[in-house]
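The values are calculated or read from the model by the stated rules, or taken from the named source; none is laboratory data. Note that the structure is a prediction, hence the values are computed from the model and not measured. For neighbour counting, all protein chains shown are included, and Cβ atoms are generated from backbone atoms with ideal geometry for every residue, glycine included.
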Amino acid sequence: MISWFLHLPFLVVGILVAIGLYTVLFKNNLIKIIMGIAIIQNGVNLFLISLAYRKDGVAPIWTSAPDEFMVMPTPHALTLTSIVIGLATTALLLSFVMMIKRHYGTIDADKVRRCRE
Amino acid sequence: MNWKMSRVVRTIADIMVVPIIIFGIYLIIHGHLSPGGGFQGGAVIASSTALLIIAYGSFGKHKDSLSSLESTGLTLFILIAFLGLGYTVFYNFLASGGAVFGGTVPYGINPGRLDSGGTVPLMNIMVGLEVTAALSLILWMMAKGSDSMDVEEASV
Amino acid sequence: MNFVEHAPTLILGLPLLFAFLIPLLGRISKDMRDILFLMGLLLTGLFVGIMAYEVLTVGGWTYVFGASTSEPTNPITSYFRITFVADGFSVLATLTIALVALGAGLFSFDYMAGHAALDKFYSLFLLTLAGVNGMVLTGDLFNLFVWFEVTSIASCGLIAFTNYRGKSVEAALKYMILSVLGGLFLLISIGLLYGQYGVVNYKLLSDGIAGSPGLFVNKLALGILLLVFGMKASTVPMHMWAPDAYSESPGPATPLIAITSLGSLFVLFRLTFGVYGVNMGPGVIGTILIILGVLSMFIGVSMALVQSDLKRLIAYLSVSQVGYMTMAVGVALTTWTAEGINGYGIMAMEGGLFHMINDGVYKALLFLAAIAVIHATGKRDLNELGGLAHKMPYTTVFFLLGALSIAGIPPLSGFSSKLLIYQSVYLYHPILAIIALVVSIVTLAVICKAFFNAFLGPDQGQTKGEVPKGMLIAMGLLTVVLIIFTLFPHYVVAEIVVPAIRALGVIP
C-alpha cells in the first residue's frame, strides 16, 4: 500500500510532461508554447525531486545533520541548476517573442514562417 | 510608454523596497549555512526593481551601470575560482584556515558560523551581485521594450 | 606546479573570463575590446595546443575540480566531484573547435566592424566557445547538462544578434524552443540513470551499466540521449532548425553554430562508446545511427539541390555531411563485440572521426567564403550573383578549395576521409557505399551550380573589390590547415584520430 503511494509523484510527472508536450505540439500561440515548456520544466523538476526522496531522510545540510541518513543531494543541485537555467531560457524566449511581435505583428506560429520562403 | 501609479502605491513601494533588499542581502550572506544563496537572494533583490518599475513607470538610464555590475560579479567569481590554481580551479583555499571566512562549523545540529565556508560565501556574494544586476536588467529591458531594435541595417 | 595539468580547465575558463571582461573593460576603448577578444581566442587555442601535445606525447589525465590535487586520488570521492577528462578524444574535439573558432573569430573583426553593441557579440561568441568546450571535456552528466544549456543560450543569442532582422529572431526562437525541450529531456535521461545507479560520473556510470546491461531504463535513457544529441547535431529528421539557424545568423557566428552541432556529435559518440560501451547491444544503436546517417546524407543533399540562397545551400550540405560521420560511426558500432572491433570497423571509425575534424575545417572555410561574398555584394541569391572571380580572386580560391573538399574531390582532404568511409562501409554493406558515393556526386553537382553561378561568367560589377584583409587572413588560416590535412592525411589519422579511438576504449 505504501509503495503504491510513493509512486504517485511520478504519475503527476507524467501528467505534467504530457500536458506540456501537448501544448508545445498543438498550440499556435507562441506564448502558450513557452507556457507549455514551463510546465514540462516543472514536471522534470518534480521528477528529480521525487527521485531524491528517501523515507525518513533529513535535508542534506551539514549543520542540521544528526546521525540519520539524508535525502540525496545531487538531484536537488540538479533541480536548482535547472530552475536557474529555466529562468534564463524563459526570459530569452519571451524576449524573442517580443521581437517577433514587433517584426511580424503577430505571435501565431503558423504566420511566423518567413524563413521558409 | 510612461505611466505613474497613484501616490499610495508609490509610497508603499518606497517603504517595501528597503525590507526586500535587506532580506535579499540576508539570503545571500547566509547562503552557505541555510537554504538560499546568491541566486535566490539576487532574485529577491531584483524583485524590488520590478516593484519600482511598476510603481513609477520611469526607467532612468541604468542600463550601462547594471551591465557593468553584472560583468563585475561574473569576473570576480571566475577570478576567485582561478585563485585556487595553486591546487585546482575552485579549490577552497580559505576553508578551515581560521582566518576571516575560514572558521570551521562543528558537526551536528547547531546554528552555524557566519564566518565559515571559505570562498563559498565570497562566491555567493559575487553570484548575488550578478543575479541582481542581470535580473534587474532583464526586467528593465522587457519593460522598456528592447532598445537595440533601433539599430540601422548594417549588413545582410 | 605546472600549468599543463590545468589545461583542460583553462580551455574552458579563459573564454569565460574574457567573455565577462569584455563588456567591462571594452568600455574603455574599441581597441581594448578587440584586443581582449583576440587574447581570449589565442589563449584558448594555446591551451588546446598544450593539452594536445601533453596528451599525445605523455598520456591523458582526469582533472578533478576543487580537490587539493587535480589527479583523482580516491576512486570514489574524487569521482563525486566535478571532473574533466583530457584524453585523445577530447583532444580531437577541442582541436576541431579551436581551429574553427579561431578562423571565425579572426573573420569577425572586419566583418562586424561598425556594428552596434559589439562587446555583446564577442561575449556571446566566447560563451558559445566555452560551452562547446565544456560539453566535450566534461566527465559527468551533470556538467554535460549545464554546458549544453550554456551552449544553447549563447548560440541562440548569437543567431538573434542581428535582431533588426525578423528572420534571425525567428530562426533563434525555433532553435531555442528545440534546445530547451532537448535540455529538459536530457535532464529526464540523467534522472533515470541517476535513479538507477546513483552516480552521474561517466566512469562510475559505465561500471554500473556494465554490471546490469539488460535493464530497460538503460535503453530508455539512451534513446532519449540519441534524440537530444541527434537534434543538436542536426541529423534528419531533427534537422529543421539547422538551415534557418545557419543561414540567418550573422556572418562569423555561422561556423561557430555549425561547430556546436559537431560538438554535440562528439558528445553523442563519447556517450555511446565511453559510457554505454559494448555491453549495450551495440548492433541496435549502430543500426539506428546508420539509418539517421543515411537519411541525413540523402535528404540534406536533395534539399540543397533546390536552394538558391547561398548560405542555405551550404547549410543543407552541412546536414548531409553530418550524415557521413553518423553512418561511419554507426557501422563501427555494429561490428563491435566483446572480443573487440574488427578490421573494417576500425577503418570506419577512423574515417568517421577524421571526417569530423576535416568537415569542421572545410565547412567553416566554405561558410566564411560564402559570407565574404554576401558581405562584398550585399546579395545572397545565387540567381542574382555572377562573375565575382574577376574582382575577388582570393575568395574564389578559398571557396573552391572548401567546395572541392566538401564534394570529396581526390587530392583534397575531404577525399581522404571519405575514401576511408567508402571502403569500410562497402565491406559492411555495398548499398551504403553506393548511397555515400551518389550523395557525394550530387554534392559535387550542387557545389558546381553554386560556384558557376556566383563566381564565373562576365563581371557584373556587383562588388568593388576583394574583402578586407582580416577576413582573408581568417580564411587563409583555415586553408593552411586544410592543406596540411590534404598533404598528410595519414599522419593526422595516426597521430590524432587513432588516440581518439583508443580513448573511447574501442581498441586497446
Given the residues C:50, C:35, C:97, C:22, which is the only one that is within 16 Å of residue C:132 (Cβ to Cβ) and modelled with pLDDT of 90 or more? C:97
Could you give me the residue pairs with C-beta distances under 8 Å whose first residue belongs to the stretch C:190-213 and is at pLDDT below 85, whose second residue is buried (at least 18 other Cβ atoms within 10 Å of the Cβ) and of a type outside the set (A, V, I, L, M) wherever it lies, and which are 6+ apart or on separate chains? C:212/C:218
Condition met for residue A:48 (within 30 Å of residue B:110 (Cα to Cα) and either surrounded by 13 or more Cβ atoms within 10 Å (Cβ to Cβ) or facing chain C (nearest Cβ under 8 Å) (or both)): yes
Identify, please: which residue in the stretch C:75-108 is in contact with a strand residue (DSSP E or B) (Cβ under 9 Å, 6 or more places away or on another chain) and among the small types (Gly, Ala, Ser) and is, among those, farthest from residue C:203 (Cα to Cα)? C:90
Kindly list the number of the only condition in (1) within 12 Å of chain A (Cβ to nearest Cβ); (2) crowded, with 24+ Cβ neighbours inside 10 Å; (3) farther than 30 Å from residue B:145 by Cβ that fails for residue C:142. (2)
Residue identified as under 25 Å from residue C:489 (Cα atoms), of a type in the set (S, T, N, Q), outside any loop (DSSP other than H, G, I, E, B) and out of contact with any Asp or Glu (no Cβ under 9 Å at 6 or more places or on another chain) among C:405, C:424, C:416: C:416
Complete set of residues in the stretch C:444-467 that are under 14 Å from residue C:366 (Cβ atoms) and among the β-branched types (Val, Ile, Thr): C:446, C:447
Mind listing just one residue for me: the one in the stretch C:264-305 that is among the β-branched types (Val, Ile, Thr) and modelled with pLDDT of 90 or more and, of those, surrounded by the fewest Cβ atoms within 10 Å (Cβ to Cβ)? C:291
Suppose we keep only residues that are within 12 Å of chain B (Cβ to nearest Cβ) and small (Gly, Ala, Ser) within the stretch C:41-71. Which one would you say is surrounded by the fewest Cβ atoms within 10 Å (Cβ to Cβ)? C:68
Identify the single condition in (1) in contact with a helix residue (DSSP H, G or I) (Cβ under 8 Å, 6 or more places away or on another chain); (2) within 11 Å of chain B (Cβ to nearest Cβ); (3) β-branched (Val, Ile, Thr); (4) without any contact (Cβ under 8 Å) to a residue 60 or more places away in the chain that residue C:82 does not satisfy, given that it satisfies every other one. (4)
Considering the stretch A:75-88, residues that are crowded, with 19+ Cβ neighbours inside 10 Å and free of Cβ contacts under 8 Å to residues at least 40 places away in the same chain, and then whichever is farthest from the other protein chains (Cβ to nearest Cβ), we arrive at A:79
Report, ordered by the first and then the second residue, all pairs with beta carbons closer than 6 Å, sequence separation of six or more or different chains, a first member in the stretch B:104-119 that is more than 7 Å from chain A (Cβ to nearest Cβ) and within 15 Å of residue B:92 (Cβ to Cβ), and a second member that is outside any loop (DSSP other than H, G, I, E, B) and not small (Gly, Ala, Ser). B:119/B:80
Report whether or not residue C:73 is under 25 Å from the mean Cα position of the chain (by Cα) and not aromatic (Phe, Trp, Tyr). no
Pairs where the first residue, in the stretch C:363-386, is of a type in the set (Ser, Thr, Tyr) and the second is assigned to a helix (DSSP H, G or I) and surrounded by fewer than 22 Cβ atoms within 10 Å (Cβ to Cβ), C-beta under 9 Å, 6+ apart: none
Residue C:57: without any contact (Cβ under 8 Å) to a residue 12 or more places away in the chain and under 15 Å from residue B:88 (Cβ atoms), yes or no? no
Just checking, which of B:106, B:19 is farther than 30 Å from residue C:25 by Cα and either of a type in the set (Asp, Glu) or in a loop (DSSP other than H, G, I, E, B) (or both)? B:106
Pick from C:361, C:373, C:397: which is under 30 Å from residue C:453 (Cα atoms), touching a helix residue (DSSP H, G or I) at 6+ places or on another chain (Cβ under 9 Å), within 14 Å of chain B (Cβ to nearest Cβ) and in a helix (DSSP H, G or I)? C:373
For the stretch A:95-116 the number of residues that are free of Cβ contacts under 8 Å to residues at least 12 places away in the same chain, aliphatic (A, V, I, L, M) and more than 7 Å from chain C (Cβ to nearest Cβ) is 1
Can you pull out every residue in the stretch C:161-207 that is within 24 Å of the chain's Cα centre (by Cα) and of a type in the set (Phe, Trp, Tyr)? C:161, C:175, C:185, C:202
Output the residues belonging to the stretch C:12-32 that are surrounded by fewer than 22 Cβ atoms within 10 Å (Cβ to Cβ) and within 14 Å of chain B (Cβ to nearest Cβ). C:24, C:25, C:27, C:28, C:32
Filter the stretch B:115-130 for residues that are of a type in the set (Asp, Glu) and modelled with pLDDT of 90 or more and give the result. B:130
Taking the condition of being exposed (fewer than 14 other Cβ atoms within 10 Å of the Cβ) and at pLDDT 90 or above, how many residues in the stretch B:13-53 meet it? 5
Taking the stretch C:158-191 and keeping residues at the interface with another protein chain (Cβ under 7 Å from one of its Cβ atoms), in a helix (DSSP H, G or I), more than 29 Å from residue A:52 (Cβ to Cβ) and out of contact with any Asp or Glu (no Cβ under 6 Å at 6 or more places or on another chain) leaves C:166, C:169, C:170, C:172, C:173
Helices (runs of 4 or more DSSP H) (entirely within the stretch A:1-58) containing at least 1 residues that are under 18 Å from residue A:78 (Cβ atoms) and under 15 Å from the mean Cα position of the chain (by Cα): A:8-26, A:30-52
Note on the stretch B:71-86: residues within 8 Å of chain C (Cβ to nearest Cβ) and of a type outside the set (Phe, Trp, Tyr) are B:71, B:72, B:74, B:75, B:78, B:79, B:81, B:84, B:85, B:86
Residue C:418 fails exactly one of the following numbered conditions: (1) surrounded by 21 or more Cβ atoms within 10 Å (Cβ to Cβ); (2) of a type in the set (D, E, K, R); (3) over 27 Å from the mean Cα position of the chain (by Cα). What is the number of that condition? (3)
Would a scan of the stretch B:73-91 turn up a residue that is part of a loop (DSSP other than H, G, I, E, B), on the phi < 0 side of the Ramachandran plot and of a type outside the set (Val, Ile, Thr)? yes
Go over the candidates B:135, B:83, B:79 one by one and state the one that is modelled with pLDDT of 80 or more and in contact with a helix residue (DSSP H, G or I) (Cβ under 6 Å, 6 or more places away or on another chain). B:135
